[in-house]
Structures are given as C-alpha cells and as structure tokens.
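Chemist: What follows is a single structure, and I will ask about it in a moment.
The values are calculated or read from the model by the stated rules, or taken from the named source; none is laboratory data. Source: prediction; values computed, not measured. Cβ: placed from backbone, ideal geometry, glycine included. Neighbour counts: every protein chain shown. Ligands, DNA and RNA are excluded from the accessible area calculation, which covers all protein heavy atoms including side chains. Shrake-Rupley method; radii C 1.70, N 1.55, O 1.52, S 1.80 Å.
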Amino acid sequence: MRALVYPLLLILGAFPALASAATATPGPGPQELMDQVSRDMQAAIDADREALAQDPAKLRALIDRMLLPHFDTDYAARMVLGRHWRDATESQRSRFIEAFYQSLMRDYGNAMLEFKREQLKILPFRGDPAADTATVRTEVMRDGKSVPVNFTMRRTPEGWKVWDVTIEGISYARNFRNDFGTEVEQEGLEHLIKRLEAQNAGAAPRPSAATPGPAPKKG
C-alpha cells in the first residue's frame, strides 16, 4: 500500500506546470489542478519540514487540508466495496469511507517528507479534453528503475478528483476490492469496518497480508 501513496504524494509535490485539457467542470483542469496543489504543498513542506517530521498531528492536518479535497473518497469507496456497497447501510458507508481514507493516510503520511523532484518524469497527456475522465501518466524513479504510475481522475460537481492509481499495470482500487471483498465475504462488512477503525486508533495491527511491499499483489 505504501506504493500507492508515495507516488501520489510525490507527484503532488513535484508536478510541473503543464497545459490542461479544456473543461466545463468548475475549477482547473486535471493537470492545472495537479500543478496548483503541488506548488502549495511543496511550499508548505519546505517552510516547515522539521516540525512536520516531529509532529504527526501537524503532518496529518497538512494532508487533510491539501490532499483530501482532491480525493474522490466517496466514489473510490464505492468502487472498492463493489457489490458490497449496495448491501451496506448509510452508516456503514460513511464509516467505511472515513476508515479507508484514514487507514491510507495514517500509515503513509511520512511519505510527504521524502519528496525528490528528480525522481518524477511527466509524460505527455493523452485523452479527450471533453471526456468525463482523465488519466495523468507519470514515471517515478524508485530503487534505480522507472515505475509507470497512472492517476485516474473524474469530473465531479466540485471539480476534478483522483479516485484510482495504477502502478505497473496494477489498479489499487481493484486490488483493495479483491482484498476487502474476501474479508467481507468471510467475516462481514461490519468486521472490516471495525478492523480499520481499530487499526486507525492504534488498537489493532495491520494484517500481515497487507504489509507494505515494493508492489501490491495482483488480483
């Protein structure tokens, strides 16, 4: 899972100015948005890097302020839960959305402090400027090799948002859907939500199957 958040934070911290696709969606287009967020985030990190490294609460507040508005958490949660979303109560849906996002950010927030601009290569934009989805393609240098990282974005009433990341051909939405789907089928949705909530509160360890590695397993 670290492979998911690190490239996302890296790209948000180092995205250069690029021409955006024309869009009627409120706010900037996909690449303009990434550029805008990256500049604000990089300035915030550079101005307070030592304090952020020493204060997890301050680091988390920065993540929430700068990244959360650009994640389509509701849509991502629906895609991750798949058919189990239909059977969930409104309370379970809200709790899962919160627990899922908190789980990602809790474990890997420190990746924000590892930004290195030279590790990122932006690839030319491909796609229809009028489409409702967009893919921002990049390559991230990790351990001496170039890793393809694609960010899937969609139009929302609030503007463009990221909802999936594909690394070396592996979609994280699909990967989480496979992992969580198995757990829900075996233990139930409430069990999954309570596990994530306990994990976020520090009362439960992350299952060994979800231990961060160089790449996620294929579903």
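Chemist: Pairs under 6 Å by beta carbon, first residue without any contact (Cβ under 8 Å) to a residue 24 or more places away in the chain and under 21 Å from Trp160 (Cβ atoms) in the stretch 119-147, partner outside any loop (DSSP other than H, G, I, E, B) and open to solvent by less than 40 Å² (accessible area, probe 1.4 Å), six or more apart or different chains?
Modeler: Thr135/Thr152
For (1) on the phi < 0 side of the Ramachandran plot; (2) among the aliphatic types (A, V, I, L, M), each residue gets a yes or a no:
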| position | (1), (2) |
| --- | --- |
| Pro129 | yes, no |
| Ala134 | yes, yes |
| Arg142 | yes, no |
| Asn150 | yes, no |
| Arg155 | yes, no |
| Gly159 | no, no |
| Trp163 | yes, no |
| Thr166 | yes, no |
| Ile170 | yes, yes |
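Chemist: For the subset of the stretch 185-219 comprising residues that are aliphatic (A, V, I, L, M), in a helix (DSSP H, G or I) and modelled with pLDDT under 90, which member is surrounded by the fewest Cβ atoms within 10 Å (Cβ to Cβ)?
Modeler: Step by step, filter the stretch 185-219, then rank; the result is Ala209.
Chemist: Please go through the stretch 51-90 and pick out each residue that is part of a loop (DSSP other than H, G, I, E, B) and closer than 20 Å to Tyr172 by Cα.
Modeler: Answer for the stretch 51-90, where residues must be part of a loop (DSSP other than H, G, I, E, B) and closer than 20 Å to Tyr172 by Cα: Leu67, Asp72, Gly82, Arg83.
Chemist: Which residues, counting only those in the stretch 143-184, are open to solvent by 50 Å² or more (accessible area, probe 1.4 Å) and touching a Pro at 6+ places or on another chain (Cβ under 8 Å)?
Modeler: Correct list: Asp143, Pro157, Glu158, Glu168, Gly169.
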